[in-house]
1. Before we move on, is residue 185 on the phi < 0 side of the Ramachandran plot and either part of a loop (DSSP other than H, G, I, E, B) or of a type in the set (Asp, Glu) (or both)?
2. Just a yes or no: is a residue in the range 203-226 assigned to a helix (DSSP H, G or I), under 30 Å from residue 45 (Cα atoms) and touching a residue at least 60 places away in the same chain (Cβ under 8 Å)?
3. Of (1) within 23 Å of residue 346 (Cβ to Cβ); (2) buried (at least 20 other Cβ atoms within 10 Å of the Cβ); (3) not aliphatic (A, V, I, L, M), residue 285 satisfies all except one. Which?
4. Of the conditions (1) within 30 Å of residue 39 (Cβ to Cβ); (2) more than 16 Å from the ligand (Cβ to nearest atom), residue 147 satisfies every one except a single condition; which number is it?
5. For residue 194, state whether it is of a type in the set (Lys, Arg) and within 19 Å of the chain's Cα centre (by Cα).
6. Report, ordered by the first and then the second residue, all pairs with beta carbons closer than 6 Å, sequence separation of six or more or different chains, a first member in the range 4-29 that is under 20 Å from residue 328 (Cβ atoms), and a second member that is open to solvent by less than 100 Å² (accessible area, probe 1.4 Å) and of a type in the set (Ser, Thr, Tyr).
7. Does any residue in the range 168-183 that is among the small types (Gly, Ala, Ser) come within less than 8 Å, Cβ to Cβ, of a residue that is outside any helix (DSSP H, G or I) six or more places away or on a different chain, and which pairs are these?
Amino acid sequence: MKPKPKPGILDIAPYVGGRAHVEGVEKTIKLSSNESALGPSPKAIEAYQSVAHGIDMYPEGSAKVLRDAIAAHFGLDAARIVCGNGSDELLTMLAGIFLHPGEEVMFSEHGFLVYRIAALANSATPVVVPEKNFHTDVDAMLRAVTPKTRLVYLANPNNPTGSYLPHDEVRRLHAGLPRTTLLVIDAAYAEYVRRNDYETGIEMVSNFTNVVMTRTFSKIYGLAGLRVGWAYCPAAVADALNRVRGPFNVSVPAQRAAAAALEDRAHVEANFAHNEKWRDWLTSEIRKAGFRVDDSVGNFILIHFGKDKGRTAQDADHFLAARGLILRGVAAYGLPDALRMTIGPEAANRAVVAALAEFAARK
Ligand SMILES: *Cc1c(COP(=O)(O)O)cnc(C)c1O
């Protein structure tokens, strides 16, 4: 006899992050985890360093400094913002709060791996809904709703496909859900999207008691290593999160650096412009080299490969890795024939295009 984890826990395949090294290759560029191409804001680094001598003291537990900065920036009610140790922590906590064993958690076919983990960790059943041409299929989602559907996770834009759902589609999805189902809009890449028909979900959180939006400082703000995310919630959901979260879940340096990053508009703009320019360039150059690349609104692209020996995604991955270019295999996302590439610095982007052209020309 020994202690036994709850049903579901041992069905979890542990999350494997993007590789950072290649054995035998000294100089590598990591394009596997959608980190910022331009790094953190100098103002965030300064804020981080400025609190180094105070790390003997516990943080202010509610992350008030950061919540106030976010509230001012986006025009939100600070009382309904909850910060987390990355948005992953918030996505996971929501599952812990709302799921009973045997209930269902719905997400789309190529959705973020954390959603499945959060469901299984709470003895709930993941319901994976097929996508239509790498886009979330709202009709299929609505058809899959049952009385047991408690949580719906929607990454918008989605990783790793790079597609997004227009706002009216998100509204249609919400309108078809029972009031007792929580719709979690994971908007980790929202800052990269400027389209007339896209919205982050803030307005829906304001109008409904069953919608939460999560955001992160890991992507355009370049603070992935610090682990900071936030959720904008209906008051009752914020209240529940504040009861279960770790009392000091966001560190002092994380709170300060994130607040400073938010205020450095010029750095965010530079990141956005860099991303637009190089995402467009990479998409068209890699297509010219003969590979299918989906349109993406994120800071990454999805590149498709064939099934022939020597030409598969795995072959391409090895070929690129040997040249120090680390992309992300996405078989765990149901995409065994594709690689995801984070938009990197100019030299890295050029190196990938040159290497893929060489790979394509290989006999
Ligand atoms: C990167 C990413 C996140 C952010 O995770 P953090 O824990 O905030 O670093 C959330 N959702 C998706 C879909 C992502 O790709």
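1. no
2. Looking through the range 203-226, none of the residues is assigned to a helix (DSSP H, G or I), under 30 Å from residue 45 (Cα atoms) and touching a residue at least 60 places away in the same chain (Cβ under 8 Å).
3. (2)
4. Only one criterion in (1) within 30 Å of residue 39 (Cβ to Cβ); (2) more than 16 Å from the ligand (Cβ to nearest atom) is unmet by residue 147, namely (1).
5. Judged against the criteria, residue 194 is a match.
6. Listed by first residue and then by second, the contacts come to 18/32; 18/33; 19/32; 22/28.
7. 176/145
Each row is one residue, and each column tells you yes or no for (1) within 16 Å of the ligand (Cβ to nearest atom); (2) among the β-branched types (Val, Ile, Thr); (3) over 21 Å from residue 347 (Cβ atoms); (4) at pLDDT below 95.
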{"site": "20", "(1), (2), (3), (4)": "yes, no, no, yes"}
{"site": "28", "(1), (2), (3), (4)": "no, yes, no, yes"}
{"site": "65", "(1), (2), (3), (4)": "no, yes, yes, no"}
{"site": "68", "(1), (2), (3), (4)": "no, no, yes, no"}
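The values are calculated or read from the model by the stated rules, or taken from the named source; none is laboratory data. Small disclaimer: the values here were computed from a predicted structure and weren't measured. All Cβ positions, even for glycine, are placed from backbone atoms using ideal geometry, and neighbour counts span all protein chains on display. The protein model used for the area step is the full one, side chains on, heavy atoms only, and it has no ligands, DNA or RNA in it. Shrake-Rupley method; radii C 1.70, N 1.55, O 1.52, S 1.80 Å.
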